[in-house]
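Here the structure is laid out as structure tokens; the discussion comes afterwards.
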Amino acid sequence: MSDAIQRSASLPATPEEVWAHVTHPDWLGDDGDLDPRPGGEGRVDEGDVTRFIVVEEVEEPRRLVYRWATFADEPTRVEIDLTPTEGGTRVTVIESPLHATPPAQLLAA
């Protein structure tokens, strides 16, 4: 069983048009900023909640992967894939929890 949540939708727009939206954090909240390159950072504000973002992977205009978290919630990993279709773009978003595995030395101690 997976803890991941996956959603897909088809949009009547090009991958480049959709990319402009998914790399702008306002689509996830009220305000924010994002540096959409590997190692880039950002934030999304929604009401009183701020999520902090660290970008892991960028393949413009096809794929964006980042980790995000608040100070109150466990961090998750978000993968956004944009696939061109005959009528536009298929957007697939997968969000999954981060699971920390302790180093082997700690397990043996």
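One residue stands out among those in region 28-42 that are small (G, A, S) and crowded, with 17+ Cβ neighbours inside 10 Å: the one that is nearest to A69 (Cα to Cα), which is G42.
Suppose we keep only residues that are outside any strand (DSSP E or B) and hydrophobic (A, V, I, L, M, F, W, C) within region 1-16. Which one would you say is nearest to T89 (Cα to Cα)? Once the filter is applied, the top-ranked residue is A13. Residue count for region 1-16 satisfying the condition of being out of contact with any Lys or Arg (no Cβ under 8 Å at 6 or more places or on another chain), surrounded by fewer than 15 Cβ atoms within 10 Å (Cβ to Cβ) and in contact (Cβ under 8 Å) with a residue 12 or more places away in the chain: 9. Every listed requirement among (1) closer than 13 Å to T23 by Cβ; (2) of a type in the set (S, T, Y); (3) over 14 Å from the mean Cα position of the chain (by Cα) is met by Y66 save one, (3). Sub-6 Å Cβ pairs linking a first residue in region 49-77 that is within 17 Å of D31 (Cβ to Cβ) to a second residue that is not in a strand (DSSP E or B), at least 6 apart or interchain, are V49/T70; R51/T70, ordered by first then second residue. Look at region 17-44: where a residue is within 24 Å of T83 (Cβ to Cβ) and outside any strand (DSSP E or B) and a partner is hydroxyl-bearing (S, T, Y) and at pLDDT 95 or above, sitting 6+ places away or on another chain with Cβ atoms under 8 Å, you get E17/T89; V18/T89.
The values are calculated or read from the model by the stated rules, or taken from the named source; none is laboratory data. Just so we're clear, the structure is a prediction, and the values are computed from it rather than from any experiment. Positions of Cβ are generated from backbone atoms using ideal geometry, with glycine treated the same way; all protein chains shown enter the neighbour counts.
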